[in-house]
Amino acid sequence: MANKIKLKKHLICIFVCVVCLLILFLVINIYEYSVYTKNFNDKIVGMVGKIKEEYPSISDNEIMQIFNSEDSNINIFSKYGIDVNKESIILKNEKSYHRFLVVNIGFLLLSNFILLIIFFKYNFEKDKEINEIIKYIEEINKKNYSLHIDEISEDELSILKNEIYKTTIMLKESAENSLKDKIELKISLEDISHQLKTPLTSILVMLDNIIDNPDMDVDTRVDFIRDVKREVVNINFLVQAILKLSKFDSNTINFSKENILVKDIIDESVKNVSSLCDLRNIQVEINGDEKAQLNCDFMWQVEAITNIIKNCIDHSNTGNKICIRYEKNNVYVMIKIQDFGDGISKKDLPHIFERFYKGENSTDDSVGIGLALSKTIIEKDNGNISVESEKGKGSCFVIKYF
């Protein structure tokens with residue numbers, strides 16, 4: 001706003017000065033004309049009086065014809081050394097001319113002086129703004145992004161300042177995002193190393209036992225090998241999940257969206273965990289509008305729903321059931337997945353969608369990444385997920401796709 005006011009002040013100042021100078025110039029010219037006219041008229045009145053005195057018979061009309069006649073003999077005064085084309089016959093007008101010449105020259109000098117003052121003042125302020133811009137750029141080069149530049153402006157330098165301000169904001173955001181990415185990468189690497197440390201240590205211990213005891217009992221050896229395989233499977237799952245999350249973080253995954261029946265997504269997800277259900281003797285009940293459709297990426301949503309159902313199975317007791325209900329209205333498609341297991345404690349509830357977070361009821365094989373991956377996938381398809389749980393009464397995951 002300051003730049004806009006400053007520009008208006010300059011324009012008003014220039015306008016007022018120009019108007020004042022024009023008025024002054026006009027007044028000088030009017031006064032100059034009136035002086036010349038008065039001098040001529042005084043001499044003409046004197047001449048008429050002299051003519052009347054010498055020639056009493058001459059009429060006023062004849063005198064007026066003489067003065068208004070277009071015929072003139074310009075050489076009549078040459079014998080007196082007067083050139084009528086270059087100087088006035090009336091000496092008083094000649095003196096007035098020199099006086100007004102000085103006045104006009106002074107007026108021109110004054111006008112130029114005033115305009116030069118306005119010009120230099122404007123350029124001084126421009127140079128001041130340029131110096132400020134240079135200082136802004138120097139501060140930016142020092143990674144000082146805490147700058148404020150007025151956005152409401154009209155002149156070229158103000159537009160430049162605004163563009164620098166925008167660039168500053170972009171650089172600041174880039175620097176903050178870079179720092180944030182480094183912190184997140186550091187945290188992720190710490191989490192990954194922590195998650196891999198335990199299974200790798202277990203694998204090394206079991207392999208050392210197998211190598212150091214060649215006469216080990218066959219059943220014990222087989223148990224060790226099975227445990228090693230289980231740990232390797234867990235590591236493989238962890239690596240795959242981390243790779244998927246990293247792709248989401250770097251925005252390198254493009255969803256292939258199409259209209260899919262919600263029933264097909266749920267059926268495919270349940271199929272993925274059917275062997276685990278059979279092992280735990282858990283039944284899955286599905287109810288909903290079979291015509292309900294969802295515009296999404298089929299494979300990724302199956303991945304998300306599968307992880308949630310698997311989490312419900314892990315926290316259910318043998319012989320329990322899991323209820324899946326889905327419906328569609330004018331606002332969203334909703335899927336509810338409910339188990340009747342141990343539930344989630346109030347302490348763990350706010351953190352269950354965080355990466356690598358393991359609650360107090362987590363299984364030994366859990367790595368705390370499945371629900372985080374599901375949340376990321378669902379949000380990428382314009383949805384959200386929440387959970388309601390009560391200790392000892394199970395949990396209900398509510399997914400809404402808008």
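None of the figures in this text is laboratory data; all of them are computed from the coordinates on show. The structure presented is a predicted model; accordingly, all values stated were derived computationally and were not measured. Note: ideal-geometry Cβ built from the backbone for every residue, glycine included; neighbour counts use all protein chains shown.
Each of Lys346 and Asn281 was given a label point 7 Å from its Cα along the Cα-to-Cβ line. The distance between the two points is 3.5 nm. Here are some pairs, Lys172/Lys197; Lys321/Lys380; Lys263/Lys321; Lys172/Lys380; Lys135/Lys180; Lys180/Lys400; which of them have Cα atoms lying more than 25 Å apart in this structure? Over 25 Å Cα-Cα: Lys172/Lys197; Lys321/Lys380; Lys172/Lys380; Lys135/Lys180; Lys180/Lys400. In the range 274-335, the ratio of gyration radius to Kirkwood radius, Rg to Rh, stands at 1.02 when only Cα atoms are counted.
Here the peptides 222-231, 338-347, 317-326, 116-125 are ranked by packing, the mean other Cβ count within 10 Å, and the order with the highest first is 338-347, 317-326, 222-231, 116-125. Residue order for Thr306, Thr220, fewest other beta carbons within 10 angstrom first, comes to Thr220, Thr306. Take the range 258-401, drop everything but the C-alpha atoms, weight them equally and run the Debye formula without solvent; then report log10 I(q)/I(0) at 0.17, 0.21 Å⁻¹ to two decimals. Summing over Cα pairs of the range 258-401 leads to -0.91, -1.40. As a proxy for reagent exposure, Arg280, Arg99 were ordered by neighbouring Cβ count within 10 angstrom, fewest first; the result is Arg99, Arg280. When Ile130, Ile114 are arranged by Cβ crowding within 10 Å, least crowded first, meaning fewest neighbours, the order is Ile130, Ile114. Average 1/r across all pairs of distinct alpha carbons in the range 234-277, invert it, and you get the Kirkwood radius: 12.9 Å. Stretching the chain fully between Glu163 and Ile134 yields a gain of 9.1 nm (0.36 nm per residue, less the alpha carbon separation).
Round to the nearest 0.05 the FRET efficiency obtained for Val218 and Ser274 when R0 = 30 Å and r is the Cβ-Cβ distance. Plugging the Cβ-Cβ distance into 1/(1 + (r/R0)^6) gives 0.40.
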